[in-house]
Amino acid sequence: MRILHTSDLHLRVDRKETVDALKSILEAGASKRIDLLTISGDIFHSERDADALRPEIRGLFGNHSFDIIAIPGNHDGTIFTKGFDFGLKVNTDFPCMVHHFNNECVVALPYVDTPSPEILRDLKNAGTEYETRTLLLHCTLDIGFGLDEYGEEGGLRYFPITREMLSELQYDYILAGHFHSRCEIRKLKSGGLFVYPGSPISHSTKELGPRHAVLVDTEKRKVTQVCLPTFYFDKLEITVIPGKESEAIAQLTDWYQKKEANNCKLNVTVKGIIRTDENKFRKSLEKAAPQADLDYLCRDVRAVLSHPLYRRFKKKLKKSVDAQRRTSVDYVVLESISLLLAGGELE
């Protein structure tokens, strides 16, 4: 079976690009000839958005060659329990619902705050007669990431669960939602695979780079990322050292040209010390990345290079520091003297 997995669409009335992201996912499903699309929660950003977008979304989910299985997340609230027609079945039944496909099954658990012992027991026993078992989950996994990487959730841990607990459930695939930042595929001790697809569109500047869905081929036991043509944020930080201005321009040009045709918003921060004129260098940066937001933090180094304190330092640097470390040490001193001059603490 071929499964395309996504989560955390956060469909919003005031952000058309979120609905466009759903369209891209459905198109990817058709082009990849999938059997099933799975969505692990936070389909909508709020119940109000779900109510307003329902007529439009209903039409998008109809007439596909593949099945769709979805579960609610913490942002979806109780909207799916009210009997409205969204064009797809969102599993809200407890303890879980088992969908079977020949010798495979997909177990769908609606979102709850806490993985109680009763829930874990039910998940462990669900669908054990099938050869391949897949679990849909909306959770906070202990994989060492900060809570801000799960979205704008105010530091709360939603359905916190450990890899050890998931390994004990003995699923072949755990297709999860809630983690926004990027796509993560982790192997569990049990041999099963845990998948966070990341948000299919950047909802904040913490979600950087092209967005993905995940394609699971259960027959070939293969899991791959599917890049989506959806909106994303990205950023580049460059630190310039004196005499290396052209290299910084080349780095920015290469990065920008790879992304300028994409559906994205780019931010570039350039900092450091330069030998060239500050205004001219800024214009060169703007020419290299005309549509990017530029944070320009460079300072002209000429006053530092001619200062007696720096000249004395350079003489000692050659005598006391090995060649491999000189560049990094030199930069630190250039930065420090530049700050002292700017603050009027050196003449």
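The values are calculated or read from the model by the stated rules, or taken from the named source; none is laboratory data. For clarity, every value in this text was computed on a predicted model and none was experimentally measured. All Cβ positions, even for glycine, are placed from backbone atoms using ideal geometry, and neighbour counts span all protein chains on display.
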### Message
With assigned to a strand (DSSP E or B), in contact with a helix residue (DSSP H, G or I) (Cβ under 7 Å, 6 or more places away or on another chain) and in contact (Cβ under 8 Å) with a residue 24 or more places away in the chain as the only criterion, which of V98, V107 stands out?
### Response
V107
### Query
So how many residues does the range 73-97 have that are loosely packed, with under 15 Cβ neighbours inside 10 Å and either at pLDDT 90 or above or of a type outside the set (F, W, Y) (or both)?
7
### Message
Being within 25 Å of C227 (Cα to Cα) and either surrounded by 20 or more Cβ atoms within 10 Å (Cβ to Cβ) or within 20 Å of the chain's Cα centre (by Cα) (or both) is the requirement here; does A21 meet it?
### Response
yes
### Task
State whether one or more residues within the range 43-65 are polar (S, T, N, Q), surrounded by 15 or more Cβ atoms within 10 Å (Cβ to Cβ) and assigned by TED's automatic domain parsing to the domain that holds D217.
yes
### Query
Has the range 246-260 got at least one residue that is touching a Lys or Arg at 6+ places or on another chain (Cβ under 8 Å) and not in a loop (DSSP other than H, G, I, E, B)?
no
#### Entry: Segments classed as helices (runs of 4 or more DSSP H), wholly inside the range 279-347, with at least 2 members that are free of Cβ contacts under 8 Å to residues at least 60 places away in the same chain and within 27 Å of C264 (Cα to Cα)
none
## Note on the structure
Residue hits (the range 172-218; assigned to a loop (DSSP other than H, G, I, E, B), surrounded by 21 or more Cβ atoms within 10 Å (Cβ to Cβ) and aliphatic (A, V, I, L, M)) are I201
## Note on the structure
Of the listed residues (S181, S202), the one being polar (S, T, N, Q), under 14 Å from the mean Cα position of the chain (by Cα) and modelled with pLDDT under 95 is S181
### Query
Of G62, G127, which residue is touching a His at 6+ places or on another chain (Cβ under 9 Å), assigned to a loop (DSSP other than H, G, I, E, B), under 26 Å from I34 (Cβ atoms) and not polar (S, T, N, Q)?
G127
